[in-house]
Every structure is written in structure tokens, then in C-alpha cells.
Amino acid sequence: MRLTHFIFLLYIFSFYNCKESKLELIKIEGKQIPITDTLPIDSEIEAYIKPFRDNIQKDLDSVLAYSVNTYSKSDGELNTAIGNFMADAVYNEANPIFKKRTGKNIDMVLLNHGGIRSILSKGHITKRTAYQIMPFENSIVVVALKGKQMDSLVHHLIRKKRAHPISKLKLTITENNDIVEAKIKGKSIESDKIYYVATNDYLYNGGDNMTFFKPNDSLYPLNYKIRNALIDNFKKVDTISPVIDDRFTQIKGAK
């Protein structure tokens, strides 16, 4: 009997044998296999991936800009220099895309304080810096909100009193959390107006309890990651020197 015939008959036998047998899953067992530097390196695999690794490392370490100081998300109470930079960068990079697609402008930006995952260190800024600050794959979306929903957004910021990165929104409150000023691009919020708010898909889906994004008038996914917006902005701005400003402040002593 030829070998090919034998293999074919063996396959047929195995198929029908399995078909007739009733197999039942009794239990599943597993164990954790830790991957550490104690495992031996496969020299062939290492040689194969080395050129790719070297190319990635070179790209990540390419210098894009310079930071004049070290900035942390814990530097300010209601707004921080690094948060202000991120929100402004998202506006500057995303607005031209949104304008080209819709003919409209983004009115304001809201990101989340917890999304800032690293400091911005003094010195050279690289692509690696952007990955450290924003390691998540969050993408920019623009949400059309009515003025009444904007009130919910503003009151959420006041209630939480956390330095969530914002851009184009100016918010001033008293010591008792009463609103002194709430303006978008220098104008008071109008209840019957539609505002286009740029945020990330995590917040749009209710992250950080920001449930005011739904329902909405419309949603515009830009297919543009927050991290990529930072990288593009780093490339355009030679020197980074953000500051803590008056975009969200509380007047001490004012009742």
C-alpha cells in the first residue's frame, strides 16, 4: 500500500472514530508561566527581531522638541501646565481636521486628568515621551452637545474639582462653588446653541463618570489618536513651555 493511501485511510478512520465517540469536557486546568529575564534567549529569534527592535528604538528616541521645565499633573489644583498643553495640542491638531470634514470648528476640548500617565521632563522631547504621557490608544471624537448638556459638563467639573485638561473653556467659581464665569471662546454658554466638544472615546463612553456626553446631537470620530496629536504638535512647536493659567480657577474668599 502506498504511503499516501495509508495516510488517507488513517485520516478516514480517525474522523469516523471521533464522530462516533462522545467526548465531554470535564475540566480545564492552567498555570501561570512567568516570563522573566531568567529564560534562555533563542539566538535565532533574537537575531531575526534585532533589526526591527533597533529601528523602533531609533524612531522612539528621535528628538521632536524641547521642554524648558519638568511638568507634572499634580502641579496645579484646578488646571496644570501639562494638562493645558495637552488640551491645547488636541485643539490645535484636531480642529483643522474637523473643519475640513464638516466646515465647523471645535468649540472646546475636555480630556481626563487620569489619562496623563507621566511627567513631561525638562530637556529633549521624543516620540517615546508621547508614548509615556499617553500610553493608551484613546482616539479623538467630537461630540455635538446642546447648551443644557454643557451645563452638565460645567457642573461636573465644579463638583469633581479635578484638574481635567480643558481648552477654550474658561470657568471661574466662588469658594462655595457658585459660578462666577463660564465661557467658551470668550462667550457665555447659550442653552439653545450646539457646541462641538472634542474629547476621547474613553470619556465619550462614560469614563470618569462623564455621562453627559450621551445622548447627543451627533458624534464625529476623527480616527486620530490623542498620542498622535501630541507627536504632531511636538513636531510643530520647537520649545514647550506651558503654564498654569486662569482657565479654571476658584476665587478664595468669594462667597
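What follows draws every value from the coordinates through simple rules; no lab data is involved. Note that this is a predicted model, so its numbers are computed, not measured. Neighbour counts are summed over all protein chains in view; Cβ atoms, including those assigned to glycine, are modelled from backbone coordinates with ideal geometry.
Translational diffusion coefficient, Stokes-Einstein: compute it for the stretch 137-255 using the Kirkwood radius over C-alpha pairs as Rh, at 10 °C and 1.306 mPa s, and state it as an integer in µm² s⁻¹.
Estimated via Stokes-Einstein, D reaches 101 µm²/s.
Could you work out the longest stretch of the chain that avoids the GluC sites (Glu not before Pro) located in DSSP loops with at most 13 other Cβ atoms within 10 Å?
191-255
Can you tell me the mean projection area, over all orientations, of the convex hull of the stretch 108-198's alpha carbons? Units nm², please.
Across all orientations, the stretch 108-198 yields a mean hull projection of 7.2 nm².
Restrict the search to the stretch 60-140; then list the trypsin sites (Lys or Arg not before Pro) that DSSP places in a loop and that have at most 16 other Cβ atoms within 10 Å of their Cβ.
The qualifying sites are 104, 117, 122.
So for the stretch 133-233, averaging the separation of alpha carbon pairs under 8 Å that are six or more residues apart and normalising by length, what relative contact order in percent results?
Rounded, it is 48 percent for the stretch 133-233.
For a quick check: with amide H placed at 1.01 Å from N, whose amide H comes under 5 Å from residue 240's, ignoring anything fewer than 5 positions away on the same chain?
66, 67, 68
Just how large is the dipole of the chain about the Cα centre, in debye to the nearest 20, putting +1 at every Lys and Arg Cβ and -1 at every Asp and Glu Cβ?
600
At a Cα cut-off below 17 Å, give the lysines reachable from residue 185, other chains included and same-chain residues fewer than 8 away excluded.
The reachable lysines, counting only those whose Cα sits under 17 Å from residue 185, are 99, 104, 146, 168, 170, 193.
Taking 2.2 N^0.38 Å as the expected size of a compact globular protein, what ratio does the Cα radius of gyration of the chain give against it, to two decimals?
For the chain, the normalised Cα radius of gyration comes out at 1.47.
Just need the relative contact order of the stretch 63-246 here, percent rounded to a whole number, with Cα pairs under 8 Å and 6+ apart.
RCO, the stretch 63-246: 37 percent.
Can you give me the angle between helix 43-60 and the longest principal axis of the chain, using Cα atoms only, in degrees from 0 to 90, rounded to the nearest 10?
Computed tilt is about 10 degrees.
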